[in-house]
Amino acid sequence: MMRLLLLPLVLLLPLPGVAQPMTVEADRQVQILLKVLTYDRQFEAKAGQRLKIGIVYVAGDAASEKAADEIATTLKSYGDKPIKKIPFSYVMIDYTTPAAVEHKVKAEGIGLLYVAPGNTRNLADLTRISQQHKITTATGVLDYVSKGVAIGVGIERDKPRIHINLASCKSEGSEFDASLLQIAVRK
């Protein structure tokens, strides 16, 4: 009897190896995330001469690859629009091992990690890397924000909404303006 009662709840839980969906389309996410960065008081110091964005995805996970490709395509279309006069570029990072990601982050000088769906199992390693190297993290999977990613974009009342994990932002070296925090959902 107890199993029958728990079955509906178990069916609602995300599977650990299945990519979590993005609720906001890539174009809108990128618009919002690039704007959010302008509210980080540490942005210029962290970005340097050029902001390098690493898009972390899981090869072989169709939803993860699709989301990463959509974000990359959108970033490419925004490539000539600097953030606070700082140009940006991106690189794709296939999550294979924590050491490989950390090596790529250091070699490329990554300043922002976009965490694509499919990285549920990798979040602890990705947030450790981001905090150790003071790299801002962002995602379109709201569940990831409660698990340590600093910035997320989701839907609330049919409109995109910014979600901020304050502890993660602080650990990653970001300091967002109060005007942004007033309109964001804080976790």
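Readers should treat all values here as calculations from the given coordinates under stated rules, not as data from a laboratory. The model shown is predicted, which means the values in this text are computed figures rather than measured ones. Glycine gets a Cβ as well: all are built from the backbone with ideal geometry, and neighbour counts include every protein chain shown.
Listing for the model above:
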quantity: Fraction of antiparallel bridges per DSSP, the chain only, in percent to nearest 5; calculated: 30 percent
quantity: Virtual spin-label span in nm between K170 and T38, 7 Å along Cα→Cβ; calculated: 2.8 nm
quantity: Relative exposure of V105, V24, V185, judged by other C-beta atoms within 10 Å (fewest first); calculated: V185, V24, V105
quantity: Cβ-based exposure ranking for H103, H133, in which fewest neighbours within 10 Å come first; calculated: H103, H133
quantity: Over region 68-187: Kirkwood hydrodynamic radius from C-alpha pairwise inverse distances, Å; calculated: 15.0 Å
quantity: Amide proton proximity set for R186, modelled H, under 5 Å, gap of 5+; calculated: I164
quantity: Ellipticity estimate at 222 nm from DSSP helix runs (n ≥ 4, -39,500 (n - 2.57)) divided over the chain, nearest 500; calculated: -12500 deg cm²/dmol
quantity: Footprinting exposure proxy for V149, V101 (fewest neighbouring C-beta atoms within 10 Å first); calculated: V101, V149
quantity: Region 48-138: C-alpha gyration tensor shape, a/c 1.5 cut-off, then a/b vs b/c; calculated: oblate
